[in-house]
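Everything below concerns the one structure shown next.
The values are calculated or read from the model by the stated rules, or taken from the named source; none is laboratory data. Since this is a predicted model, take the numbers as computed values, not measurements. Counting neighbours? That spans all protein chains shown, and the Cβs are built from the backbone with ideal geometry, glycine included.
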Amino acid sequence: MLSQRRLERRPKARSLFDRAILTRALRDSLRKLDPRWQARNPVMFVVEVGAAATTIFFVRDLVAHSGSAGFDFAIAAWLWFTVLFANFAEAVAEGRGKAQADALRRTKSDTNARLVRENGAEERVASTSLRKGDRFVVEAREVIPADGDVLEGAATVDESAITGESAPVIRESGGDRSAVTGGTRVLSDRIVVRVTANPGESFLDRMIRLVEGAARQKTPNEIALSILLSGLTIIFLIAVATLSPFSLYAGAHQSVTVLIALLVCLIPTTIGGLLSAIGIAGMDRVMQRNVLAMSGRAVEAAGDVDTLLLDKTGTITLGNRQAVEIITSDGIAAQEAADIAYLSSLADETPEGRSVVALAQRLGVHDGQARDDAVFVPFSAYTRMSGLDLPDGTKIRKGAPDSILTWVRDAGGNPSDELAPTIERIARSGGTPLLLARNTLVVGVIYLKDILKPNMTERFNRLRAMGIRTVMITGDNPLTAATIAKEAGVDDFLAEATPETKMELIKREQSSGRLVAMTGDGTNDAPALAQSDVGVAMNSGTQAAKEAANMVDLDSDPTKLIEIVEIGKQLLMTRGALTTFSIANDVAKYFAILPAMFVIAYPAMNVLNVMRLTTPQSAILSAVIFNALIIVALIPLALRGVRYEPKGANRVLFENVMLYGVGGIVVPFIGIKAIDVILAALHLT
Amino acid sequence: MTGFGWLQAVIFFAIVLAVTKPLGTYMARVFEGERTWLTPVLAPLEKVIYRLCGVRDAEEMSWYAYALSMLAFSLIGLAYLYVLLRTQKWLPFNPQHVDNMSPDLAWNTAVSFTTNTNWQFYSGETAMSYLSQMAGLAWHNFVSAAVGIAIAVAVVRGLVRTNVKTLGNFWVDLTRCSLYVLLPTSIVLGLFLVWQGVPQNLHAYQAVHSIEGFAQTITGGPMGSQEVIKELGTNGGGFVNANSASPNENPTPLTNFVEMLLIFSLGAGLTYMYGKMVKDTRQGWAIFSAMAILFVAGFAVAYWAEAAGNPIVHQIGAAGGNLEGKECRFGVAASAFFATVTTDTSCGAVNSMHDSFTALGGLVPLVNMQLGEIVFGGVGSGLYGMIVFVVLTVFIAGLMVGRTPEYLGKKVERREVQFAILAALVTPVLCLVPTAIAAVLPAGLATLGNNGPHGFSEILYGFTSTNANNGSAFAGLGPNLFYNLLTGVNMMFGRFAVAIPALALAGALAGKKAIPESSGTFTTHSAIFVALLIGVIVIVGALTFLPADSLGPIVEHLLMLRGKLF
């Protein structure tokens, strides 16, 4: 029995702070106290070791009835909280992905598959026994058992389990829409599919691993930042460790608890505690846009992109060019031209063809009948024309001007070049001229106009402000391409593009040090997708394209790339902002803790107690509490990312230095003072 | 503080500013192998040196070949000086019959001069033969400066070059620096100093009877030739114990002014050379500005503290600035100025006793060195030390604009951060750890001149100065076996543990391609970048030492305000 179970639709995004996610995160933050887990993060590992050590001192002081047991307890508790808060941030960031992974796993039921043997015999086997290269057949209402390419037939497929989009899509053999995904469901018709992924390596498996973060590795930038943070931690470790003998010399003995408190306050715990949450949340934001990034590295690279290659059709212009005008040759009536145009496109099912029919109808067609007896001549890349052969021997063609002229000449006609200026004018204005001919006579020119997608110019301006150069890729001639490029506001274009010239362009950009991003869906895009630094494949595209790319857009929306670039930038900015904030915080903490440490040996040191904190204990405790609470306070920022406005790097740098650098110096002075006032009011010190 | 004191500072700074560009242009030409006006004279000599030493001057070196050559050259030089000091008694040019140096002091001195530190646990008058001074110390004064500049040039090449593994040829850079930059300047200005009254002779010290009837010994020796390179190469080791406070080494106000200029000139010139070599002089000026701001801030504090003097001394009726330990010919302003200049750089020559400065006045030289001597800095080492900070700043700032950080088109990634932070770790570790050891060991406390916070400052200053390869001292700290050995090790690591990661950083950068600038890249010559650079230097570089400093000069100052001295 085949699985007839209704597939669950992939759940739409939950809120970041969904209750279920928070509950689970609380549990996870305790589990993450495991030192083996903490060891991956040197900064927080030091905090945990410090927390454990102060706990031991608390117990010792408690047993010894030492007066400092209460203080030890407070410090130990807040150090544990510091670790827990960081764990919590990470757990919340992971939460949404985990919930999604669970939902996806439910769709991954083991189904049966109808395996097609070499001899054509059909056999029912478990879907898990399918291997690369096997063929299976799948019909309406059945679940596709494995990833594959359609070999025969066409079908409508419900892919909502993966994309969340309920409208069915068409999957057919050949061309760029041949890939099917295991776990999706055929709604109509029957297809034969060749398996392209072994069990465990399927798209759904990868997707589960990705959203769950199981395959998550530290990205290059994250590693570099970790090295910086570890270096700073070592520096502060030395500064605090040597303070113990210094204090001995000065006769101002310091307890280990106080030294640990100072150490934890100085090492960059804010960024250290939130670093992995920032990375996970960044990947998650990409996921919420319905894009599957194969690695965090790809998202990071997106933020660095210098050159964006955009296919004209579908990205910059609406996929379909529209016929807007028919210009007739001398001596041909407009009416007659409309009739011929109508006939030429009657059997042409392409959007362009349909728009010619629509235009002809608007112009008033005489002979508006379908012609069952006519023979349709489809478009091909070799002839570059299409048309109709009527039973009476009349041949009607429309197509690229040079092809039509050759065709007319071959038929014995002698076309004049009176339309040449018109063709030139249309091409120059960004349109596509189609020549229309009947037998040996050139009837006129159909003006196909490219329609720009709305709001594209603003988006390109935004990209320019980010410092990204946009290049439009089109098969059009340079004249047409230049006009559309100008109209759309892209920086450059590649006309008469072939897969080879596209590849060449990518390599040229890369050799001059630029990072290139592109989108693609066809099999012949695959090499370019693999070569580019950020390659986004459309989910509607071929398996080859999806494998070559490092991201797959489940919505198949080529303009998504722009959002991915912004997420990549936001990711780095959030790290930079919190690093700056964390380091700047140290200034106030020095002023809180140092006078507190030495004021007993050197009462004169109270001059440096600029915040006028109540007692040495309350000063140290306030700094530690501030240090812990600031992590919680910044969780939303870490998970949502800092706001990104493209306004030039220097402007952004200035604003962020002011906000996170200067702000990072000022905020803890206020925060520590406030906590001290509260502690004093509650008589806690 | 007086108007005249500040006027001197303004004139000084104006002259430094004026020589920066010509010196930088000249050095850029020298190290790019272009023709200079000295080429006709020096090129044949250069060829002969290469032939004699078997240097294949067209051969390029990878960063580690460069580092290994530099290390080998330094260690052989160290061994040579050690042997010289241990045998000077039997060698010529020893009219005073100076004895051989003890093994631990010879080790300390040999390391000290090899590493451009010139920390002196001896008195030049009684412990050095003229041969040791000329062939040992002066030799190292030249080549240790040339080594520093060579490393800086190699590091700059790492930023300039793309997609290559090599940073130049160490032997060529060393030779060209000595021949084209150090020697000509030293000859001309050495003669100037001799004209001003610095002795330059080889005969024994002269016993004279003063008109007051006292018997006095006047030291002599080849001082002029050594004095000039002492400042120019930011070496700082005095021919005599009193260093530039002595009338022999520093006879007139003019020599005092010129000596300070010499200390800053190459460091300032190197920033322009840097801009020239990276083909954007604004980059050089940005670094110059950051240095200049830190310099002015340091001088202002030191001058203010010394001019304000000691309130306890004021109470007993001696008004005015702090004149303890100062040469009266120079006074408060020129002494505070010299102290700032000599510790901004890795010079360490002194014209007054830093130990006798007020607590805050003494804090300034200490902090200058704790920053890693990047305010114009040691010749070469100041520039590459600053580049390490620039790389760290670029990394943090770059993230804030949402791109993998780039400096001069080079991406700052894992390896660059790794080497930069490794270099930045050296100063805190090597200042603080030995100080901690000395502060609790009897051997460390045995030779302290003072107790309390001031005694602590003496230890901290000693290890900070040796680690930073400065060589100036809070003279209260005396030599013993413990300090001879430990400061020797400290000087060694202070030099090479920064230079080698800096070269590795350059090697990593040289292998990268350069990314063309776009509006997505922030400029590294803007005011905001300079401000951020200073912020990183102060917070990462200086605040690390705040706990230590607060137990030394800071608390000493606070206690002085309460009427307690040490």
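Summary table below
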{"read-out": "Top-ranked residue in segment A:192-231 [being within 14 Å of chain B (Cβ to nearest Cβ) and without any contact (Cβ under 8 Å) to a residue 40 or more places away in the chain; ranked as surrounded by the most Cβ atoms within 10 Å (Cβ to Cβ)]", "value": "A:A224"}
{"read-out": "Failed item, numbered, when B:F545 is tested on (1) buried (at least 20 other Cβ atoms within 10 Å of the Cβ); (2) away from chain A (no Cβ under 11 Å)", "value": "(2)"}
{"read-out": "Conditions (1) away from chain B (no Cβ under 14 Å); (2) under 16 Å from A:M294 (Cβ atoms); (3) β-branched (V, I, T): number failed by A:V534", "value": "(1)"}
{"read-out": "Criterion violated by A:V490 - all others in (1) under 30 Å from A:I506 (Cβ atoms); (2) part of a helix (DSSP H, G or I) satisfied", "value": "(2)"}
{"read-out": "Residue ID - surrounded by the most Cβ atoms within 10 Å (Cβ to Cβ), chosen from residues in segment B:241-290 that are among the hydroxyl-bearing types (S, T, Y) and part of a loop (DSSP other than H, G, I, E, B)", "value": "B:S246"}
{"read-out": "Yes/no for A:R514 being assigned to a loop (DSSP other than H, G, I, E, B) and within 30 Å of A:L653 (Cβ to Cβ)", "value": "yes"}
{"read-out": "All positions within segment A:505-522 that are in contact with a Ser or Thr (Cβ under 9 Å, 6 or more places away or on another chain), within 14 Å of chain B (Cβ to nearest Cβ) and of a type outside the set (A, V, I, L, M)", "value": "A:E509, A:Q510, A:G513, A:R514"}
{"read-out": "Options A:S244, A:S276: the member that is of a type outside the set (F, W, Y) and over 23 Å from the mean Cα position of the chain (by Cα)", "value": "A:S244"}
{"read-out": "Hits in segment A:572-621 - residues which are more than 8 Å from chain B (Cβ to nearest Cβ), part of a helix (DSSP H, G or I), over 21 Å from A:T257 (Cα atoms) and of a type in the set (A, V, I, L, M, F, W, C)", "value": "A:L578, A:F581"}
{"read-out": "Listing of helices (runs of 4 or more DSSP H) fully contained in segment B:304-414 that carry 3 or more residues being under 17 Å from the mean Cα position of the chain (by Cα) and among the small types (G, A, S)", "value": "B:381-400"}
{"read-out": "Condition broken by B:V401, with the remaining ones in (1) surrounded by fewer than 24 Cβ atoms within 10 Å (Cβ to Cβ); (2) at the interface with chain A (Cβ under 7 Å from one of its Cβ atoms) satisfied", "value": "(1)"}
{"read-out": "Filtered residue count, segment A:559-569, keeping only those that are buried (at least 22 other Cβ atoms within 10 Å of the Cβ) and either facing chain B (nearest Cβ under 7 Å) or basic (K, R) (or both)", "value": "1"}
{"read-out": "In segment A:432-450, residue modelled with the lowest pLDDT [restricted to those that are crowded, with 22+ Cβ neighbours inside 10 Å and over 16 Å from A:T422 (Cβ atoms)]", "value": "A:D450"}
{"read-out": "Criterion: in contact with a helix residue (DSSP H, G or I) (Cβ under 9 Å, 6 or more places away or on another chain), touching a residue at least 12 places away in the same chain (Cβ under 8 Å) and part of a helix (DSSP H, G or I) - qualifying residue of B:T524, B:T464", "value": "B:T464"}
{"read-out": "Enumeration of residues in segment A:125-152 that are of a type in the set (S, T, Y) and surrounded by 23 or more Cβ atoms within 10 Å (Cβ to Cβ)", "value": "A:S127"}
{"read-out": "Residue in segment B:203-220 that is under 20 Å from the mean Cα position of the chain (by Cα) and hydrophobic (A, V, I, L, M, F, W, C) present", "value": "no"}
{"read-out": "Failed condition for B:A300, given (1) surrounded by fewer than 19 Cβ atoms within 10 Å (Cβ to Cβ); (2) in contact (Cβ under 8 Å) with a residue 12 or more places away in the chain", "value": "(2)"}
{"read-out": "Which numbered condition B:P311 misses (of (1) without any contact (Cβ under 8 Å) to a residue 60 or more places away in the chain; (2) surrounded by fewer than 23 Cβ atoms within 10 Å (Cβ to Cβ))", "value": "(1)"}
{"read-out": "Inter-residue pairs, beta-carbon under 6 Å, first within 20 Å of B:S550 (Cβ to Cβ) and within 10 Å of another protein chain (Cβ to nearest Cβ) and in segment B:441-454, second crowded, with 17+ Cβ neighbours inside 10 Å and of a type in the set (S, T, N, Q), 6+ apart", "value": "none"}
{"read-out": "Within segment A:515-539, tally of residues that are surrounded by fewer than 22 Cβ atoms within 10 Å (Cβ to Cβ) and either in contact with a strand residue (DSSP E or B) (Cβ under 7 Å, 6 or more places away or on another chain) or in contact (Cβ under 8 Å) with a residue 60 or more places away in the chain (or both)", "value": "3"}
{"read-out": "Matching residues, segment A:641-653, being crowded, with 21+ Cβ neighbours inside 10 Å and either at the interface with chain B (Cβ under 7 Å from one of its Cβ atoms) or not in a loop (DSSP other than H, G, I, E, B) (or both)", "value": "A:Y644, A:A649, A:V652, A:L653"}
{"read-out": "Residues (at pLDDT 85 or above and either acidic (D, E) or buried (at least 19 other Cβ atoms within 10 Å of the Cβ) (or both)) located in segment A:356-385", "value": "A:V356, A:V357, A:L359, A:A360"}
{"read-out": "Qualifying positions in segment B:415-437 - touching a residue at least 60 places away in the same chain (Cβ under 8 Å), farther than 15 Å from A:L228 by Cα and more than 8 Å from every other protein chain (Cβ to nearest Cβ)", "value": "B:T427, B:L430, B:C431"}
{"read-out": "Residue that is nearest to B:N451 (Cα to Cα) [pool: residues in segment B:551-565 that are facing another protein chain (nearest Cβ under 8 Å) and surrounded by fewer than 24 Cβ atoms within 10 Å (Cβ to Cβ)]", "value": "B:L559"}
{"read-out": "Whichever residue in segment B:151-172 is in a helix (DSSP H, G or I) and in contact with a Ser or Thr (Cβ under 9 Å, 6 or more places away or on another chain) and, among such residues, is farthest from B:E416 (Cα to Cα)", "value": "B:W171"}
{"read-out": "Candidates A:P433, A:P415, filtered to the one that is away from every other protein chain (no Cβ under 14 Å), part of a strand (DSSP E or B), in contact (Cβ under 8 Å) with a residue 24 or more places away in the chain and of a type outside the set (A, V, I, L, M, F, W, C)", "value": "A:P433"}
{"read-out": "Test: residue in segment B:498-513 that is modelled with pLDDT under 90 and surrounded by fewer than 19 Cβ atoms within 10 Å (Cβ to Cβ)", "value": "yes"}
